[in-house]
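Chemist: Can you read through this structure? Questions will come right after.
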Amino acid sequence: MTPLSFSMLRILSDCRFHSGEDIAKTLDVSRASICNAAKTLEAAGLEIDRIRGRGYRMSKALEWLDRGKILSLAGSPFEIEICDIIDSTNSELLRANGPHGRIVAAEMQTNGRGRMGRAWHASPGGALTFSISWRFDRGAGFLSGLSLAVGVALVRAMKTCDIEGISLKWPNDMLYSFHKLAGILIEVKGDMLGPTTAVIGIGINFRLSGKVRENIDQAVIDLESIPCRQPGRNALFAAILRELEGALDAFETGGFEAFRQEWTAHHAYHMKPVRMKLPSGKVEEGIVAGVSERGEILLDTARGRLAFSSGEVSLRGAS
Ligand code: BTN
């Protein structure tokens with residue numbers, strides 16, 4: 001994405017037709033540049049209608065992230081920075097050694113990252129992607145259940161926006177109808193004994209275009225496909241920040257144990273048969289029996305009850 005294509009996207013996001021000539025005049029560039037910018041937008045996964053004699057438009061309106069709106073709705077003391085394009089909001093906070101409570105959100109990430117070295121895919125404005133830096137006095141070992149606690153905060157936020165039917169998948173996914181709606185990536189810097197800074201990255205699919213879906217090799221869903229009163233990205237962002245603030249404080253005090261029951265109640269695979277893929281490539285099969293106070297998943301297998309920590313382990317439903 002180029003700055004010009006972003007400027008064009010801002011013009012088109014009202015869902016009305018704009019002629020190439022008008023856009024070119026507004027942005028003070030040639031019509032050929034506008035034609036190239038439209039191609040760039042399509043390559044980035046946006047669905048643009050072009051009609052001869054009428055111009056360009058986006059078929060669905062796009063709500064841009066608005067710092068003022070988010071802060072007034074969240075009513076919290078967070079320090080928020082919103083950028084159009086960044087490599088990864090997690091990488092930015094890791095580089096900046098982010099101060100406690102700093103948030104970076106982006107309309108588009110060029111290198112959005114997921115767990116286990118996977119990529120996180122979204123079109124510009126098609127997801128809510130942000131990271132928050134949070135300092136804990138305790139060591140890295142204490143943070144093992146943090147991504148599960150953040151999952152609980154996300155479910156609570158969805159409920160405050162009247163979005164029902166959300167579940168969680170160990171260790172870091174939020175699901176709707178067994179399809180991935182959001183992911184959490186936590187990266188930790190600091191000593192084993194503390195203090196530590198956790199960079200908590202959250203990506204929520206709002207609108208997945210066909211082009212973006214082509215890059216994703218698992219069952220996914222976006223918020224726009226869920227039957228609910230659509231909250232919009234700014235309102236949902238604010239709701240998440242409100243829940244996160246309380247959840248992170250509660251985690252610092254009580255660890256994952258304070259969230260364990262609520263997390264289990266929302267686990268899509270609780271008491272279900274699953275396959276765990278281990279870093280060695282080996283697969284363990286069993287029935288999910290719950291999670292430990294450290295956030296490990298407990299699996300009843302032919303070899304007895306086994307506990308797995310999130311590390312590089314992935315869970316798949318067996319049926
Ligand atoms: C996963 O599904 O494995 C985790 C996905 C996390 C994606 C978010 S988007 C904001 C933040 N920045 C990143 O590069 N990744 C996280």
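The values are calculated or read from the model by the stated rules, or taken from the named source; none is laboratory data. The shown structure was predicted, so the numbers you read here are calculated from the model rather than taken from an experiment. Glycine also receives a Cβ, built like all others from the backbone with ideal geometry; neighbour counts cover every protein chain displayed. Ligands, DNA and RNA are excluded from the accessible area calculation, which covers all protein heavy atoms including side chains. Shrake-Rupley method; radii C 1.70, N 1.55, O 1.52, S 1.80 Å.
Rundown of residues vs (1) assigned to a helix (DSSP H, G or I); (2) at pLDDT below 95, yes/no style:
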position: Cys228; (1), (2): no, yes
position: Glu245; (1), (2): yes, yes
position: Ala250; (1), (2): yes, no
position: Ser280; (1), (2): no, yes
position: Ala289; (1), (2): no, no
position: Leu299; (1), (2): no, no
position: Arg305; (1), (2): no, no
position: Glu312; (1), (2): no, yes
position: Ser319; (1), (2): no, yes
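Chemist: Which of the residues that make up the stretch 84-126 are in contact with a Leu (Cβ under 8 Å, 6 or more places away or on another chain), in a strand (DSSP E or B), open to solvent by less than 10 Å² (accessible area, probe 1.4 Å) and within 11 Å of the ligand (Cβ to nearest atom)?
Modeler: Result: Ile103, Val104, Ala105.
Chemist: Determine whether the stretch 132-144 contains at least one residue that is of a type outside the set (Val, Ile, Thr) and within 13 Å of the ligand (Cβ to nearest atom).
Modeler: Yes, the conditions are met somewhere in the stretch 132-144.
Chemist: Right, here's the next one. If you check Arg233 against the conditions, is it crowded, with 19+ Cβ neighbours inside 10 Å and of a type in the set (Lys, Arg)?
Modeler: So Arg233 passes the test.
Chemist: Residues that are of a type in the set (S, T, N, Q) and open to solvent by less than 50 Å² (accessible area, probe 1.4 Å): find the helices (runs of 4 or more DSSP H) completely inside the stretch 1-81 holding 1 or more of those.
Modeler: The qualifying helices (runs of 4 or more DSSP H) are 3-12, 31-43.
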